[in-house]
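Notes follow once the structure below has been shown.
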Amino acid sequence: VWRLVTWVFVQDSPLTLFFAGFMLWWLGQQLVFVWGERRFLVRFFGITLGAGVIATLVALVYPPAAVPHIDAWPTVNGLLVAWALMYPDRPLSWFGVVNMTAKMMAALVVFGTVLYAIAYGGPGRFVVHFSALLLGWALSRGSFGGFWRTARRNMEEREMRRRSKRLAVVRRRDGQGEPPRW
């Protein structure tokens with residue numbers, strides 16, 4: 001079970017460690033500002049755990065998907081898609097050469113993942129990547145947060161109705177000016 005969360009911390013090359021760390025540093029600053037530190041970590045580990053669970057479930061039904069995976073790129077790409085869809089018109093410069101919007105960057109990440117899947121062994125090896133992208137898209141749309149916000153609001157309203165049944169209006173006795181003594 002611990003492998004469902006720890007695969008993101010093991011890198012297969014120093015370049016992957018450098019670039020994935022750089023992307024997390026760059027994205028993390030902006031996402032922590034919007035979400036806060038705790039929510040950012042919850043979403044980071046949520047994408048990691050969710051992608052691991054989805055890949056494991058798909059591997060049970062589709063045997064080519066049963067390949068070991070170590071790398072931070074699926075989670076980083078999921079966070080990048082979430083960020084890009086939260087700020088679709090934000091301008092970006094890719095290596096200082098190509099100017100584009102954040103929405104175009106998200107489209108390029110998805111398109112690049114599809115191309116890598118075609119070129120390097122089919123969709124089975126990239127189930128983790130596709131599931132992380134899907135979870136990043138769902139996070140940008142508020143699909144998970146909306147459910148929990150609604151559930152919490154309903155529980156709070158139920159608690160307030162329960163509390164209000166025990167409360168009663170205290171009136172002054174017989175017109176006296178003195179408030180009641182408890």
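The values are calculated or read from the model by the stated rules, or taken from the named source; none is laboratory data. This is a predicted model, so every value here is computed, not measured. Cβ placement follows ideal geometry from the backbone for every residue including glycine, while neighbour counts extend to all protein chains displayed. When the accessible area is computed, the model is the full protein with side chains, heavy atoms only, and any ligands, DNA or RNA have been set aside. Shrake-Rupley method; radii C 1.70, N 1.55, O 1.52, S 1.80 Å.
Table for the structure above
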read-out: Degrees separating the helix 14-35 axis from the principal Cα axis of the chain, which is the longest one; value: 20
read-out: Carbon and sulfur %, accessible surface of the chain computed with the full protein complex present, 1.4 Å; value: 66
read-out: Environment charge at MET104 (Cβ cut-off 12 Å; Lys +1, Arg +1, Asp -1, Glu -1); value: +1
read-out: Backbone HN-Hα couplings from phi across the stretch 135-142 [Karplus 6.51/-1.76/1.60, Hz, Gly and Pro as x]; value: 5, x, 4, 5, 5, 5, 8, x
read-out: Residue-averaged 222 nm ellipticity for the chain, from DSSP H runs of 4+ at -39500 (n - 2.57), nearest 500; value: -22500 deg cm²/dmol
read-out: Accessible area of the stretch 1-52 divided out per residue, in Å², using a probe of 1.4 angstrom; value: 67
read-out: Relative contact order of the chain, defined on C-alpha pairs under 8 angstrom at six or more residues apart (%); value: 24
read-out: Extension gain from GLU156 to ALA66, taking 0.36 nm per residue of separation minus the Cα-Cα distance; value: 28.1 nm
read-out: Environment charge at GLY142 (Cβ cut-off 13 Å; Lys +1, Arg +1, Asp -1, Glu -1); value: +4
read-out: Local electrostatic count, ALA59, Cβ distance below 15 Å [Lys/Arg +1, Asp/Glu -1]; value: +2
read-out: Per-selection Kirkwood Rh - the chain (Cα, Å, 1 d.p.); value: 19.3
read-out: Chain lengthening between ARG141 and ARG163 when straightened (0.36 nm per residue, less Cα-Cα); value: 4.5 nm
read-out: Helix 143-166 axis, angle to the chain major axis (alpha carbon atoms, nearest 10°); value: 10
